[in-house]
Amino acid sequence: MQPTVRALMVQGTTSDAGKSVLVAGLCRVLARKGILVAPFKPQNMALNSAVTADGGEIGRAQAVQAFACGIEPTVDMNPVLLKPNTDTAAQVIVQGKAVEDMDAIGFQGYKQFVLPSILQSFARLQQHYDTVVIEGAGSPAEVNLRENDVANMGFAEPADVPVIIVADIDRGGVFAHLYGTLALLSESEQARVKGFVINRFRGDITLLQSGLDWLEQKTGKPVLGVLPYLHGLMLEAEDAISVQQVAKVEKPLQVVVPVFTRISNHTDFDALRMHPQVNVHLIGKGEPLPAADLIILPGSKSVRSDLAYLREQGWDQQIARHLRLGGKVMGICGGYQMLGEWVSDPHGLEGEPGQSRGLGYLPVSTVLAPEKQLKRSQGTLRLPGMPSVEVSGYEIHAGVTSGVSPDSAPVHLHTDSGNLADGAIGVDDQVFGTYLHGVFDKPSACSAILNWAGLADCQTPDMDQIKADNIERLADEIEQHLNLAALWPEWKHLFQKV
Ligand SMILES: NC(=O)CC[C@H](N)C(=O)O
């Protein structure tokens, strides 16, 4: 039997320092040594969420980390999830269920109230696993947010867990970030910092050495490792979407995605971005939608305001033109709702109560209802002119859509209570909407949609395999570059290099 090591927390000097990825990698390193490990993040802010086996909603990064552990995600792995629906307010999800919408000030006060739930979820994980690898949020040195913090030291202190701090050298200022972050912590917080990890290093390590020596000497804390920049690593763990286009080779099928202000679950497009025959063009504010084979309207946390935004950008006109020229349009979840006749929000769940005229391309209408629907689904997809194929995905929405016809719906989901029709087809078979997030993840469904959009000889890679290979690669790099024996002395024997 392995000795039990209670936990390790990864905090970062900044957002996007690489915490989620490092946690996923550490989880896989332990899991493949036979240790029962689970991920945990006390508080997450993201519009990318995942549906757990127990029917709740958590941040997607924790679902990826659970995959790295070889376990099913549960709501305890991310007990507080904030889903921003305006610049100052967010829906607060506690242990998988939406509690209420709060503004930033209200949430500050709520944090201490929710801390017991966070600690309860963490304790449950500790009961079931040998160890837990925890991810912080942002930086622990935000002195203005310190008082009510439950995401970084405000969790590490009451839960009494050791911490490592990771910094991204690629953005520069790494020594100031690490030294300064440590200096801004209290004495007891500093004492729980076991060391530093430098992430995304490229160059000659010998030139870095004097800096590492300086840092160790100045802080008395070890540098536990320097992780190289991992080019092309694809884990789907990022919360923020990057609209920056990288120069790409021209591929046969052009997909355009207008990026809404409150876009949700943009990870839906990962499978397309990895596809060898598809260019995905993410189009942001102020840019027109370029010529394409397929335009996909993504999910949205605030459908009516994003629909208004779409019109403000003139994208509605460009979609109409694209359809006139014979192009295809698809909508996922919020995007599907927008393609219908009406979107109503009588309770003001996503903004002011009211209703908005949809784009009118699908014969359905949606009303947002207080009870959110969270499901993981399997079934079949049949697009016009295509054979029926297997599809899988998940649903996260408040909207209830009427007008779906059981006979002509493109998606049929197998549920406990029989077959359930989902989605609609419209405008001479050129428009397709569905509630299913992750609809491209199954190669059969991805190929059928791309085929329908005009890609003749479709070769879709196996995304699950790509993800699994990437996590293995990450774990290999961590084993090679991190001093794991110093990190987990109890498991030193597992990390002895031969
Ligand atoms: N994920 C989504 O796109 C959700 C759509 C919409 N906000 C709803 O809840 O119904």
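The values are calculated or read from the model by the stated rules, or taken from the named source; none is laboratory data. Only a predicted model underlies this, so the values are computations on that prediction, with no experimental measurement involved. A quick note on method: Cβ atoms are made from the backbone with ideal geometry, for glycine too, and the neighbour counts reach across all protein chains shown. To get the accessible areas, we keep the full protein, side chains included, count just its heavy atoms, and leave off ligands, DNA and RNA. Shrake-Rupley method; radii C 1.70, N 1.55, O 1.52, S 1.80 Å.
May I ask which residue of Val391, Val278, Thr380 lies farthest towards the positive end of the charge dipole of segment 253-459, with charges of +1 (Lys, Arg) and -1 (Asp, Glu) on Cβ and the Cα centre as origin? Going by the charge dipole, the pick is Val278. Take the Cβ atoms of Asp54 and Leu207, set R0 to 45 Å, and the FRET efficiency comes out at 0.35. Here Lys251 is the anchor, and the lysines within straight C-alpha reach of less than 20 Å, apart from those fewer than 8 places off in the same chain, are Lys328. Pair-distance distribution P(r) for segment 1-104, from all Cα-Cα distances in 10 Å bins starting at 0: 16, 43, 31, 8, 1 percent.
Please get the size of the charge dipole for segment 253-459, origin at its Cα centre, with Cβ charges of +1 on Lys and Arg and -1 on Asp and Glu, quoted in debye to the nearest 20.
Values: 15 positive and 21 negative charges, 53 e Å.
It comes to approximately 260 debye.
Taking label positions 7 Å along the Cα-Cβ direction at both His414 and Glu312, the computed distance is 4.5 nm, reported to one decimal.
I want the local charge near Gln317. Using Cβ-Cβ distances under 11 Å, sum +1 for each Lys or Arg and -1 for each Asp or Glu among the other residues.
+2
Placing unit charges on the Cβ atoms only, positive for Lys and Arg and negative for Asp and Glu, gives the chain a dipole magnitude near 520 debye about its Cα centre. Rolling a 1.4 Å probe over the protein heavy atoms gives the chain an accessible area of 41 Å² per residue. By the helix-only formula, in which each DSSP H run with n ≥ 4 contributes -39500 (n - 2.57) and the sum is divided by residues, the chain has a 222 nm mean residue ellipticity of -8500 deg cm²/dmol.
When the charge dipole of the chain is built from unit charges on Cβ atoms (+1 for Lys and Arg, -1 for Asp and Glu) and taken about the Cα centre, the candidate among His481, Leu235, Ser405 whose Cα reaches farthest toward its positive end is His481.
Stretched out straight at 0.36 nm per residue, the stretch from Asp170 to Glu250 would grow longer than its current Cα-Cα span by 26.0 nm. In this Cβ point-charge picture (+1 for Lys and Arg, -1 for Asp and Glu), segment 241-349 has a dipole of about 120 debye about its Cα centre. If the segment from Tyr229 to Met386 were pulled out straight at 0.36 nm per residue, it would be longer than the present Cα-Cα gap by 52.3 nm.
Over the C-alpha trace of the chain, radius of gyration and Dmax come out as 23.3, 71 angstrom. For segment 253-459, the Kirkwood estimate of the hydrodynamic radius, built from every pair of different alpha carbons, is 16.8 Å. The P(r) of segment 393-458 has a tail past 13 Å containing 70 percent of all C-alpha pairs.
With an 8 Å cut-off on Cα pairs and a minimum separation of 6 or more residues, tell me the relative contact order of the chain in percent.
Working: 1083 pairs, mean separation 68.7, N = 498.
Across the chain, relative contact order equals 14 percent.
Please give the net charge around Leu474, taking every other residue with its beta carbon less than 12 angstrom from that of Leu474, where Lys and Arg add +1 and Asp and Glu add -1. Net of charged neighbours comes to -1.
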